[in-house]
Amino acid sequence: MQKRNPQYDILFEPVQIGPKTAKNRFYQVPHCNGMGHRFPRAMAEMRGVKAEGGWAVVCTEECSIHPSSDLSPATLMRIWDDSDLPVHELMIDKIHAHDALAGIQLVHNGFEVANYVSRQRTLGPSNIPTEAFHHVQARAMDKGDIRDCRQWHVDAAKRARRVGYDIVYAYAAHGTMTLPFQFLQKRYNQRSDEYGGSLENRVRFIREILEDIKDAVGGDCAVAFRFAVDELLGKAGLEVAEAEDIVGLLADLPDLWDVNVSDWKNDSLPSRFGGEGAQEEYINFVKKITEKPVVGVGCFTSPDTMVGQIRRGVLDLIGAARPSIADPFLPNKIDQGREDEIRECIGCNMCVSGDYLAYPMRCTQNPTMGEEWRRGWHPDRIEKAGSNDGVLVVGAGPAGLEASLALCKRGYDVILSEGREEYGGRVLLESALGPLGEWRRVSDHRIYMLSQSANAQTYVESRLGADDILSMGCAHVAIATGASWRRDFTGFYHSYPIPVADQSMVISPEEILSGSRPAGKVLIYDNDGYYLASVLAEQLAGEGSEVVLVTPAADIAKWTEFTLEHAHIQVRLRELGVRIVCQQEMIAVESGRVRLGCIYMGTESSIDADAVIPVTARDPDEVLYNALLDREDEWKDAGIKTVTAIGDCHAPATIAIAVHSGHEYARNLDKSAEEASFFRREVGFGGE
Ligand code: ADP
Ligand code: SF4
């Protein structure tokens, strides 16, 4: 085994947190995962794998303390009464088995929740509505409610201690997500009693909760405080100047400060809008005020950056949510001198969608995320090959690269053949645009790992046809030839082509991604709803083109609400002067103009344009796959046993799904259909 680089020794120093000791500085901060109480075995295994990967502290997601903070339909953790404890026990045992500390983030969500299952009244500092999404109004908490809520925190903390947690959190961060933060926020706290008005009054509730938790469990458990130091709303929200006073008022009350910026879209900043360490300028004051250790996040994937954070006195512990999802073994890899093997998070926030849509989260970079228990997939280990057969993988996009890498790890001899001059497929093209630069890590990681593998032969500029494949003698052939954007405007909203009088006006996204630039005014038609239309608009407008972005949806890039990109996209496109036209469907492309119709009334209008880019649906590039299927009677003589379409060639989807598809193919090679389709279900444990 390689040795650790001594420069990184500092990352492996222990840190005292109240009565507990973290064995190193790697700290998995609380993060949602879409599993929680409904998929508890999957959640527990996922956390356990992180502890195994070297994280000294592994925390839960937010964990509701009482039915009046019922986050349903989201699937987070609960500690309402003892009947919730077996789920916690399961997780804590897996964390402790690897000598890591288990932390629990207690939460009361105040007016953020509608209490759909519990049907209790929503509580808040004042009589104000919840998010529009819920259409519920909170009732202003009276003194009795405040007393009760303090007691719920105490009860939950005691339960947490009893079940074995090492660190218990109080939580006031992430925009409107937590009741204590709602009390701090002037715009939500309209009280005139001792809990409203002055800063000391608005801090009172959180101070009481911190003191209560400390009194209840302080001798046995460390008490952490997760706090947002800036809402990035200017004077409308909490700013660093006020946060400095708050940290001053509470300085040494908690055993640990876990600090970030608010709200979640700024905390888990998509890489398109900021890079590693983006929070430093906001949080770096905290360590100057408190004597207690400080943890913070910043999509840290580089050990050099982490060392810098410690040496410059910004942080004591390197916090991570997304980097620990993309690579649960990040600490161990640094410890073992394998830092080149770190699978770096790309900041796409596909993982976040699991929380919003209440499904077990998936990760673009880590196909085993969420599959640790369900399918027994481990992020750092894979079972040995089932035969000595050779495998040919055609196409080196995310699916082909991941399949090749996982097959090599299993011990198969792999030939990877790519038609283009470079590996990477769609990731190569999309990351060439400025906004998605970090996404190149999907291919960079896999290309590097394959370069280190003795059983991989990789070729670029090697476009294969059916004749080539039939002459190569590989037992298994995976076709990962991807998909192409349609040019006929068929997409989600209207699933049929539209008339185009002048085809020369239509430019496909691939042409733009490959470097073509239209002259004059460009109309981009977003009938896809995810990121690409907005990325093309951003790129072209940034280069000086006049851009109109048209969509039949109520909003552009609608799905990016689930990846925390949506609000950032709106701001950036407006800053760049992109004209946004919503709820209009394309009727026809005519020479020099596009005819549109209102999706409700059909009322027609038109926009002059010199070029039109349809970002609509994609067609699988399955010509090669079908050609091989047509010649199945020749396979035996050619030594071919199986031909399988994977990734976008099988069904066009997200990069995360393509990576998963490649991984699944590799895991399942030489298994029976029954073994391959097996996954465990959470019957009889989760529930409301
Ligand atoms: P996925 O997301 O499924 O991995 P991509 O579209 O990203 O798919 O990648 C597909 C890759 O396959 C592209 O890089 C493309 O150049 C390559 N490719 C397509 N056809 C062939 C072929 N016949 N031979 C070799 N490579 C091919
Ligand atoms: Fe990072 Fe994307 Fe994975 Fe989330 S889904 S951990 S943002 S690579």
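No lab work stands behind these numbers, since they all come straight from the coordinates. Every value quoted in this text rests on a predicted model; they were computed, and no experiment measured them. Cβ: placed from backbone, ideal geometry, glycine included. Neighbour counts: every protein chain shown.
Quick look at the values:
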| item | result |
| --- | --- |
| Note, ³J(HN,Hα) from phi for the stretch 464-470, Karplus 6.51, -1.76, 1.60, rounded to Hz, x at Gly and Pro | 9, x, 4, 4, 4, 5, 5 |
| Compactness of the stretch 133-286, expressed as Rg and Dmax over alpha-carbon positions, Å | 15.9, 46 |
| Rg over Rh [alpha-carbon atoms, Kirkwood Rh] for the stretch 486-619 | 0.93 |
| Distance in nm between pseudo-label sites at K186 and E291 (7 Å out along the Cβ direction from Cα) | 3.3 nm |
| Taking the C-alpha atoms of the stretch 28-342, convex hull volume expressed per residue in Å³ | 125 Å³ |
| Farthest positive-ward along the chain dipole, Cα basis, beta-carbon charges - from T560, T368, P19 | P19 |
| Beta bridges by DSSP in the stretch 486-619, antiparallel share as percent, to the nearest 5 | 45 percent |
| Burial ranking of peptide ranges 667-679, 613-625, 510-522 (average Cβ count within 10 Å, highest at the top) | 613-625, 510-522, 667-679 |
| Built amide H within the under 5 Å cut-off of L123, gap 5+ | R139 |
| Low-density loop positions, GluC sites (Glu not before Pro), the stretch 410-494 - DSSP coil, at most 15 other Cβ in 10 Å | E421, E422, E461 |
| Distant-in-sequence amide H partners of R486 (H built 1.01 Å from N, under 5 Å) | T616, A617, R618, D619 |
| Residue order, fewest to most beta carbons within 10 Å, for Y356, Y188 | Y356, Y188 |
| Highest-first arrangement of 169-176, 550-557, where packing means the average Cβ count within 10 Å | 169-176, 550-557 |
| Full-extension gain in nm, V136 to N626, via 0.36 nm per residue minus C-alpha separation | 171.0 nm |
| Value of [θ]222 nm, deg cm²/dmol, for the chain, DSSP H segments ≥ 4, -39500 (n - 2.57) each, nearest 500 | -9000 deg cm²/dmol |
| Relative contact order for the stretch 486-619, counting Cα pairs under 8 Å that sit 6 or more residues apart, in percent | 36 percent |
| Theoretical gain in end-to-end length, F679 to A236 [0.36 nm per residue, Cα-Cα removed] | 154.6 nm |
| Antiparallel bridge percentage (DSSP; both residues within the chain; nearest 5) | 20 percent |
| Whole-Å semi-axes of the ellipsoid equivalent to the stretch 432-538 (Cα gyration tensor, √5λ, descending) | 34, 20, 13 |
| Relative contact order %, the chain, counting alpha carbon pairs below 8 Å whose residues are six or more apart | 12 percent |
| Dipole magnitude of the stretch 1-44 about its Cα centre (Cβ charges: Lys, Arg +1; Asp, Glu -1), debye to nearest 20 | 180 debye |
| Within the stretch 272-349, GluC sites (Glu not before Pro) in DSSP loop having at most 13 other beta-carbon neighbours inside 10 Å | E291 |
| Distance histogram in 10 Å bins (all Cα pairs of the stretch 341-398, percent per bin) | 18, 37, 35, 10, 1 |
| Theoretical gain in end-to-end length, A651 to D304 [0.36 nm per residue, Cα-Cα removed] | 121.0 nm |
| Likely footprinting exposure, S606, S484, S64, fewest C-beta neighbours within 10 Å first | S606, S484, S64 |
| In the stretch 139-220, GluC sites (Glu not before Pro) in a DSSP loop with at most 15 other beta-carbon atoms within 10 Å | E194 |
| D444, D316, D252 arranged by Cβ crowding within 10 Å, fewest neighbours leading | D252, D444, D316 |
| Cα-based equivalent ellipsoid of the chain: semi-axis lengths in Å, sorted from largest, via gyration tensor | 44, 33, 22 |
| Relative contact order for the stretch 28-342, counting Cα pairs under 8 Å that sit 6 or more residues apart, in percent | 14 percent |
| Over the stretch 1-84: Rg over Rh, Cα atoms, Kirkwood Rh | 1.09 |
